[in-house]
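Worksheet for the structure shown next.
What follows draws every value from the coordinates through simple rules; no lab data is involved. Keep in mind it's a predicted model, so treat the numbers as computed, not measured. Neighbour counts run over all protein chains shown; Cβ positions are idealised from the backbone, glycine included.
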Amino acid sequence: MRGLFFRGMFLAALLGGFSSCVKEVELDTRDQTPDLMVFHGYWHSDSLIRVELGKVAPITSSGIKVNDAEIFIKINDVLTGKMLALGNGEYELPNVKIRPNDLVNLNFKYASIDVNKTLKVPSNVVIKKIDTFQTVVGFIGKTPTFKIHFKDSAYNKNAYVLNLWEKRRFYERNSQGKVVDSTDKEYKVAIEGNELPFLRNRFNEYTTKEILFDDLVFNGLENAFEFYMSAPDLNVSGKLLERRVVLENIDRELYDFWNLRNAHLWQQNSITQTPTVVKGNLGNCLGVWGLLNSDQWIIKYQ
């Protein structure tokens, strides 16, 4: 009993000592959100020219859209027009399309911000054919493999993004097992490859949903590169309808941004690495402006 008494006295003194060291700190409740613009615009030669524009918002806000900026577009040094504000931070330049190898100048003004930048539209890319077969890959096993044949343009230095999409049909059944409804879903599939251009881009270590590579070692040549599905398909319960291979030729600044973005997302989930800083290509603005061309090849399984 005496030991319990002394231990109780010791704990009381210890807690009293801790409480005497507690210091109240007044939190800074001022808004510390940086005053930065956020710009997003990915322009394809076959699509409308559109932009999304906003500002960095507090975490509790639904977003701050900017609808009163002035955005002017020149194509090959000819003023094409001023983008129309559609509301909700969206802008559009109707009835205008860019073409491969066009020089496109973007100039947007808002408050004290004045951004002026020129990019070149990447060359056309054409997939000539896709071969499909099964191969055995270490740590994966037997997996669908694809061999993409395409011709690279010697006119420019090109950078590519390779994606694989899969579409499946999922059936809904009643209590008697009869099909009463179905839904088609398309999703991006994890892929890998061991071709030299793939391995040269170390940032491919940070992503499984696409392969990024440039044409430094094959500029102007016709190519045939293999890639394969690198993870078990968790959607095998659905009926396979098609697989879609997409090859995008993107400008170099968009390529660099995409690499840094993939690294940042991967490192956010790592306990050993500090996330890479993702920088845009429009001065002090966040986000990115980029130009691209693409082609796709659809493999039907119905």
Hypothetical label at Gln273: residues of the stretch 195-234 whose amide nitrogen lies under 20 Å (7 Å Cα-Cβ projection): 195, 197-214, 230-231
Residue among Tyr171, Tyr155, Tyr91 with the largest mean-square fluctuation in a Gaussian network model of the chain, springs linking Cα atoms under 10 Å: Tyr171
Partners for Lys55 among lysines (Cα-Cα distance below 23 Å; same-chain residues under 8 apart left out): Lys65, Lys82, Lys109, Lys117, Lys279
Whole-number percent relative contact order across the stretch 119-185, with pairs defined as alpha carbons under 8 Å at least 6 apart: 24
FRET efficiency estimate (nearest 0.05) - Cβ-Cβ, Asn116 to Leu216, R0 35 angstrom: 0.75
Residue of Arg243, Arg50, Arg173 that the Gaussian network model of the chain assigns the largest fluctuation, springs spanning Cα pairs under 10 Å: Arg173
Whole-Å distance, taken between Cα centres, linking the stretch 147-170 and the stretch 111-142: 5
Ranked list, fewest to most other Cβ atoms within 10 Å of each Cβ, for Val161, Val104, Val136: Val136, Val161, Val104
Cross-link reach list, aspartates and glutamates versus Lys239, counting only Cα pairs under 19 Å and skipping chain neighbours closer than eight places: Glu166, Glu172, Asp181, Asp184, Glu186
Label-zone membership for the stretch 35-73, site Leu86, 7 angstrom Cα→C-beta point, backbone N under 13 Å: 41-42, 47-53
Helical contribution to [θ] at 222 nm, DSSP H n ≥ 4, -39,500 (n - 2.57), averaged over the chain, rounded to 500: -4500 deg cm²/dmol
For the chain: Kirkwood Rh in Å [reciprocal of mean 1/r, alpha carbons]: 23.5
Cα-based shape type of the stretch 52-117, given that a ≥ b ≥ c are square roots of the gyration tensor eigenvalues and the cut on a/c is 1.5: prolate
Label-point separation in nm, Leu265 to Leu199, each point 7 Å along Cα→Cβ: 2.6
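Run the numbers for Thr183 and Tyr42: contour at 0.36 nm per residue of separation, minus the present Cα-Cα distance, in nm.
Working it through step by step, the gained length comes to 47.8 nm.
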Relative contact order [Cα under 8 Å, 6+ residues apart], the chain, whole percent: 18
Principal-axis tilt of helix 2-21 within the chain, Cα atoms, nearest 10 degrees: 60
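What does the C-alpha gyration tensor say about the overall shape of the stretch 52-169? Classify as rounded when a/c is under 1.5, otherwise prolate if a/b is larger than b/c, or oblate. Numbers along the way, then the final one.
On the way: a/c = 3.02, a/b = 1.64, b/c = 1.84.
The shape class here is oblate.
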